[in-house]
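The values are calculated or read from the model by the stated rules, or taken from the named source; none is laboratory data. The structure displayed is predicted, hence computed values, not measured ones. So basically every Cβ, Gly included, is an ideal-geometry build from the backbone, and we count neighbours across all protein chains shown.
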């Protein structure tokens, strides 16, 4: 099969069922990002014969004989495309994970589409900017200042990695190739609360390419916290890397290590887990009521859990000024219980990581996280 990618023609046969996104990334075009893999986020956008498409939805063989343009080849022989420069001038990015796909889409918009960006950009999600700076880029606005050394405080400076971001050459966690890298895939719990009685690894271990399977039997007893706030005392040490009790749907049950992602995923499917289902509640008020099923009945105060007998991990109380005096002097007081929704910033960058030991014996861990690692 013959493909034209960024103006270069070559022969290559994609795997059966392979999508265009993985095909391009395997050829080293890391400006094509893995986001949702469902055609929703647009991080994998490329131009196919000049039209923006979600490459995760396009079978690779359908690009045969057609012109594929990724961000790395977008500017051609020019130093930078005008749309890339517009995003630099407006700083139309923050984390930059969506930027390559966003620029390719924006450069394809006609004047009518630019008047209705809510519809025109519905296939490209940016979780950082609020889209204001992206609109600024399309409007030709400049949001950066040329400031002399020593005068930068309080001024609008450009992001140092901006040129790499708009060219699609800024590398994120999974944009690094390592020879002979092994892949880990996790089997996760389908139950909100259960004890793992046994894990049958035999079928997974018999699969060619599977190196090993790890379960709670292989995990250290040492507890740690997944909360990872700035200070250690803020978070309870209540988690094992792999535990014999699962406490939410999606908790890690076993890890399959194999020579490829596909083999590791198939290994997970071949694991047979015998669960003892335990009682659970999903309402926070019910969870701290007397008699509720205990999430961590074995955790003691030295693990910084405030009240494990009532599933209370921490409490926070605070007042400003003399609250009692203010209430006593008030003509009317109102008491109530107030709740708000849970908020997650929904980062587009795929969660994961990799690790390697360099020639000097130093372990390097690269992960898509904002939490500081704790190694011990």
Problem set entry | The listed residue being over 30 Å from residue 136 (Cα atoms), buried (at least 22 other Cβ atoms within 10 Å of the Cβ) and in contact (Cβ under 8 Å) with a residue 24 or more places away in the chain, out of 86, 63 | 63
For this session: Kindly list, by first and then second residue, each pair from a residue in segment 182-204 that is free of Cβ contacts under 8 Å to residues at least 24 places away in the same chain to a residue that is not in a strand (DSSP E or B), limited to pairs with Cβ atoms under 9 Å and residues at least 6 apart or on different chains.
Result: 202/270
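Here is a yes/no grid of residues against (1) modelled with pLDDT of 90 or more; (2) loosely packed, with under 14 Cβ neighbours inside 10 Å:
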residue	(1), (2)
298	no, yes
304	no, no
308	no, no
323	yes, yes
335	yes, yes
343	no, yes
359	no, yes
362	yes, yes
Exercise. If you scan segment 108-140, which residues turn out to be farther than 27 Å from residue 368 by Cβ and part of a loop (DSSP other than H, G, I, E, B)?
Worked result: 108, 109, 110, 115, 116, 139, 140
Exercise. Where residues in segment 207-228 are farther than 17 Å from residue 243 by Cβ and without any contact (Cβ under 8 Å) to a residue 60 or more places away in the chain, which of them is surrounded by the fewest Cβ atoms within 10 Å (Cβ to Cβ)?
Worked result: 208
Exercise. Of all strands (runs of 3 or more DSSP E) completely enclosed by segment 157-215, which ones contain at least 1 residues that are under 26 Å from the mean Cα position of the chain (by Cα)?
Worked result: 183-188, 210-214
Seminar exercise, completed: Only one of (1) assigned to a loop (DSSP other than H, G, I, E, B); (2) over 30 Å from residue 356 (Cα atoms); (3) in contact with a helix residue (DSSP H, G or I) (Cβ under 6 Å, 6 or more places away or on another chain) does not apply to residue 96, and that is (2)
Exercise. What is the residue count in segment 74-111 for residues that are touching a strand residue (DSSP E or B) at 6+ places or on another chain (Cβ under 7 Å) and farther than 25 Å from residue 127 by Cβ?
Worked result: 0
